[in-house]
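These notes concern the structure reproduced below.
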Amino acid sequence: MENLISANTTFTMDCLRKTLLFLLSCTAILLSNNIVSATKVGLNYGLLGDNLPPPPQVINLYKSIGITKVRIFDPNTDVLNALRGHHDIGVTVGVKDQDLAALSASEEAVNGWFATNIEPYLTDVNITFITVGNEVIPGPLGSQVLPVVKSLTNLVKSRNLPISITTVVSMANLGQSYPPSSGTFTSLASEQLTPVLKFLSEGSVPILVNIYPYFPYATDPVNIHLDYAVSKSEAVVVQDGPLGYSNMFDAMFDAFVWAMEKEGVKDLPMVVSETGWPSAGNGELTTPNIAATYNGNFVKHVDSGKGTPKRPNSGVEGFLFATFNENLKPAGTEQHFGLYEPTDMKPVYKLF
Ligand SMILES: *[C@@H]1O[C@H](CO)[C@@H](O)[C@H](O)[C@H]1NC(C)=O
């Protein structure tokens, strides 16, 4: 009897200890998840502000919230220097639009640009993409993109560097986008963008596309349902043949995919270089709450690994715009796309 009891007690104590240890380790996991809630979403790091924190503090912020992808609009030396040694952060670097004319005219100029702006960082910054121009196609500089994409591609290939060369375009390339299956490029987009897409296809390098459901929503908030625009709807809102859309982001993404297909470009990967929602600047359409809902749903979309109705088998990859509210951008909503206040780095709303 006695032996049995003590054996039982030991057993119970052991169980208790194990349970406690288990609970403790669970708590530790939960806590560490709270500190670094790793997300696959990247962040745009815009610099159009005169009150922005120093880059090393910003990189610390990225680390603390688990950001592993960052896009900068030009090869800013302070930012690239701050990124040294942070190999886990993949960096997308832009070629400035105003450099395109000179670069498209000469391969030597491209080699010079690379030697100055990228070469010094190759050993300790994880540069994954170089983007040639930001939303210049379709437009007056549009035809300067492809020659620079080609020269840079030749350069990184000849050096065997793991950097993808591409460009960033907007939905302005679409002449038609509704319903998604009617997605078609404008004639200028077809002329300027299609050759770029065909070139990217040869190397399976993604095209980067900026997709903002906020803008079409803001032009017609009466007819477009807010839940559809901020990806809050569970039900199908737009039925397009066999494909059902519950949110506008997917519809815009797929309209672009359809437009590419009509140009004979199938299966080219697409990465969302920018998306976001302003938290102020346009009355009741732009509150921290709505911005948090849209951006939160985008993070969930990306982290779920789910695709869009037209591309259900490939997850959506993308970057939120932007890290900070930028006070040197045009007044209005443009200054309020940030997730963080520049002055104290406090979140504008809870997201990560
Ligand atoms: C560089 O960044 C990319 C994209 O975030 C990531 O997949 C890769 O693992 C990073 N490389 C290193 C060495 O951490």
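Some notes on this structure:
- Debye intensity ratio I(q)/I(0), log10, the range 105-195, q values 0.17, 0.25, 0.26 Å⁻¹ (C-alpha model): -0.77, -1.23, -1.29
- Calculated mean residue ellipticity at 222 nm for the chain: -12500 deg cm²/dmol, from DSSP H runs with n ≥ 4 weighted as -39500 (n - 2.57), summed, divided by the residue count and rounded to 500.
- Remark: 215, 352 ranked as 215, 352, counting other beta-carbon atoms within 10 Å and listing the fewest first.
- Ranked list, fewest to most other Cβ atoms within 10 Å of each Cβ, for 231, 182, 304: 304, 182, 231
- Rounded to 10°, Cα long-axis angle of helix 288-304 versus longest principal axis of the chain: 80
- Local electrostatic count at residue 124 - Lys and Arg +1, Asp and Glu -1, tallied over other residues with Cβ under 13 Å: -1
- Ellipsoid equivalent to the chain - semi-axes via the Cα gyration tensor, in Å: 40, 27, 22
- For 178, 217, order by how many other beta-carbon atoms lie within 10 Å, fewest first: 178, 217
- Spatial separation of Cα centroids for the range 96-119 and the range 34-73, in angstrom: 27
- Counted by Cβ distance under 13 Å from residue 336, the other residues give a net charge of -2, where Lys and Arg count +1 and Asp and Glu count -1.
- In sequence order, calculated HN-Hα J values of the range 45-58 (Karplus, 6.51, -1.76, 1.60; Hz; x Gly/Pro): 10, x, 10, 8, x, 9, 10, 7, x, x, x, x, 5, 5
- Beta bridge orientation in the chain: antiparallel %, DSSP, nearest 5: 20
- Sorted peptide list for 83-90, 243-250, criterion being average Cβ within 10 angstrom, highest first: 243-250, 83-90
- For the set 198/350; 157/329; 63/198; 69/150, the pairs lying more than 29 angstrom apart at their alpha carbons are 198/350; 157/329; 63/198.
- Degrees between helix 145-158 axis and first principal axis of the chain (Cα, 0 to 90, nearest 10): 60
- For residue 157, the shell of other residues with beta-carbons less than 15 Å away shows a net charge of 0, using +1 for Lys and Arg and -1 for Asp and Glu.
- To the nearest ten degrees, helix 107-117 and the longest principal axis of the Cα atoms of the chain are 30 degrees apart.
- Qualifying lysines (Cα of each under 17 Å from Cα of residue 306; at least 8 residues distant if same chain): 40, 232
All of the numbers you see were taken from the coordinates with simple rules; none came from a lab. This structure is a prediction, so every number in the text was calculated from the model and none was measured. Quick reminder, even Gly has a Cβ in these numbers, built from the backbone with ideal geometry, and neighbours come from all protein chains shown.
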